[in-house]
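Encoded as structure tokens, the structure appears first; notes follow it.
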């Protein structure tokens, strides 16, 4: 078995062939398979001299059209030329010229599995097989079985490991190619088999991408092979390559194709790349290729009409630093630099995110030097456009539009892929966090740290709606230096209040470089308070259905250490926030529901303890007085005990509803008079609440009960309806016996019966008319009132079970609930 | 006659405690809100009580409204306790609570704080507890 190395790990453009071959030679590789197409390689004669100088063989040639490969290899004697499909007449021509063709099953290519390869191999007996352990594995084949079956037809094997963590999709599977022995393919078994059968072909190490440098990567592969029974030994001797090769290689022309190849290899296929470094590399390549004085990359969001600077190149322009390149009238950087007359501005004083009407922007695009590329973030379908502005040196002409577009289109593809990757990564991290965080606070804390780290910013705050959706409250915060005199009430935001409240109301994000200068800014002590917190991103947190549940606020994007990138939030950051919310909201919703249920249960228990401790107190007195042989009690304790008992029972019914949930409630209908069987007993049961506030039941009046016939309803459940509504009226009244008043008016209407509960208490906040009927939801401004948030939920459930409806028909003065019951409830046939 | 300031918003359930305290010959001042309690204690015209009894779970009132430490009224007593301590550092304070968690929490903060669980102690137990606390002070 002979060991060769594929050159893909150096990228699709082999920048330094001499160093590459020297490295492989020193590590003990005996051959090389070239993946770069001939048009980016040194001439065949030079390359032959180079290989000869290091006693190495050209094992095969992979990249480029078959015809051009045949032409290039004329002076070599490669073991094979790789093909991915049988294509007439190219393949026939190659065979006629004496080359051996080896079919290489490859994911997402015409021959992607061994079953398809077998058809071609049957039809064309002269074709050999070039199996790739990883591609076969990804396609679902067993590499060892395939190699065992076709060992006689195999001139070489691509040895490659793979991990499934990136999945098998077109865009991702190649990221899963990992160093030998670190994936899940049993490469050792393949090597053992090849040793066993004394395989005399080539094993070709092919590492598509690596988190190590190419030299380190091939060194690690050599070490792994050596440790696993393959004869590969590093060489100590130094070979001197022939003079002349170096200068000839350097003559190779830079080309747009070479640039795109380099970019694609570096950013599209590797694991640890990011948008900012891509922007830097992209601009430096363009600048180099087109001899530019300055190149800038902007990101334009058509939906928001915002143009934001992503990157400027070169950094070392001296006085022309990125904060100063954008002029007030929106003219672009190059003109400003060239003329030297356009004023420059400090970032703090100029809105670098100048708003452009889309048409105006397009007018600005002189396509010989600028181009706009649409980019679709396939993760969340945000649409942005990259705008490239090149400013050439004097007397240098920029290329024509088509060449520029060729590069730009590849750049857009890479940008899309990186954006998607970034979103996917955040999503994965959050998914991992969901499995670890079982409380809201713990989970939010993790989310804050993820956002802070991903957006590279100084402070992050998450604000969530309160239960009745009337206010927005700070739920978690990190990186904020709280002032000591902070007003706790400032932790609440109303709809439309300040920048935060505006985002909550409009459901649209705000990206700003000048928070303090924004007209909508208000100076809350918990808001953005210093000049250092002006650069802000405030974005809505939405459920998948679209309902907003809160807002996330990020302040002060930090520069990287070398200040290479502008410290402005941009569309990428919004995409990250989008990905964060998509991943976090389902789990957060579950945690919020759980927390609400726990709070509800806690309040329920607390409310129950009140009558229970009263019963204990009254009983204690009875016991004491009986011991003192007082047969006539000093106070009417028994009557009190009955009232407390009734109250306890009503509260327990709510507990029972809570326990049983929406389903499983049975209705036991009886023929009921509302006044006698419902209203009168409830008036007794609420006595403790009335007495607690010094109220009198005289102020609870009714009208029209006698106009309603007997109804077939569940008496127990309707007692609960009346009790819950009346006890709410008492709880949410002003503590003033004079002003306490409740009216219950009933009447028959054409299609049923109406019952109106009116009181003149604190009322129901606008906007929470529906929310208050949900389980565990309490009125927003009610911290001073005990209650469990179940009363109206129970009322709603009971009324619905009877085919009726309940709604808030007036919020305050009076607060009015309108119950409608269907006429059929009075029918004798209902049971 | 010893003066006791009682701070509890629940009037009806507390009436048995009040009856027991009256029978035990204490002078009672009852406030139902945190604001009224602080106003009473900071008013120069009012004489300092000999003992203060406060409920752990109290409506926040204007004083603690929106304060997250108040936990929607579930922990108001802890904040009020500290504020009263700030006004009268030596005033004996008894905390009443229906919550076992609150009882434990206060005991962790300071094992010497007199805390009484209402549900497990009838009115006459409170009278005995007050006697103990006053004797120690």
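None of the figures in this text is laboratory data; all of them are computed from the coordinates on show. What you are looking at is a predicted structure, and each value in this text was computed from that prediction instead of being measured. Positions of Cβ are generated from backbone atoms using ideal geometry, with glycine treated the same way; all protein chains shown enter the neighbour counts.
Structural descriptor for region A:637-826: relative contact order 21 percent, calculated from alpha carbon pairs under 8 angstrom and at least 6 residues apart.
The value obtained for region A:637-826, namely the Cα convex hull volume divided by the number of residues, is 118 Å³ per residue.
Computed from label points 7 Å out along Cα-Cβ, the spacing between residue A:71 and residue B:40 is 10.2 nm. Sequence-distant contacts, meaning Cα pairs under 8 Å at least 6 residues apart, place the relative contact order of chain B at 23 percent. Peptide A:603-609 has a mean shielding of 3, counted as Cβ atoms of other protein chains within 10 Å of each residue's Cβ. Simple spin-label model, 7 Å along Cα-to-Cβ: residue B:88 to residue A:633 in nm? Placing both labels 7 Å beyond Cα along the Cβ direction yields 3.3 nm.
The sum of -39500 (n - 2.57) across all DSSP H runs of n ≥ 4, divided by the residue count of chain B, sets its helix-only mean residue ellipticity at 222 nm to -13500 deg cm²/dmol. Remark: chain B is approximated by an ellipsoid whose semi-axes, taken from the C-alpha gyration tensor as √(5λ), come to 21, 18, 15 Å, largest first. When only Cα pairs below 8 angstrom with a gap of at least 6 residues are kept, region A:676-757 shows a relative contact order of 39 percent.
Considering region B:30-88 at the alpha-carbon level, its Rg and Dmax are found to be 11.1, 33 Å.
Going by how many other Cβ atoms sit within 10 Å of their own, how do A:587, A:106, A:668 line up, fewest first?
Result, fewest neighbours first: A:668, A:587, A:106.
With r defined as the distance between the Cβ atoms of residue A:124 and residue A:231 and R0 fixed at 51 Å, what FRET efficiency is calculated, to the nearest 0.05? Working from the Cβ atoms, E equals 0.95.
Ordering B:44, A:208, B:101 from the fewest to the most neighbouring beta carbons within 10 Å gives B:44, B:101, A:208.
Relative to its residue count, region A:41-123 spans a Cα convex hull of 102 Å³ per residue.
Here A:606, A:158, A:802 are placed in order of increasing Cβ neighbour count within 10 Å, fewest first, which gives A:606, A:802, A:158.
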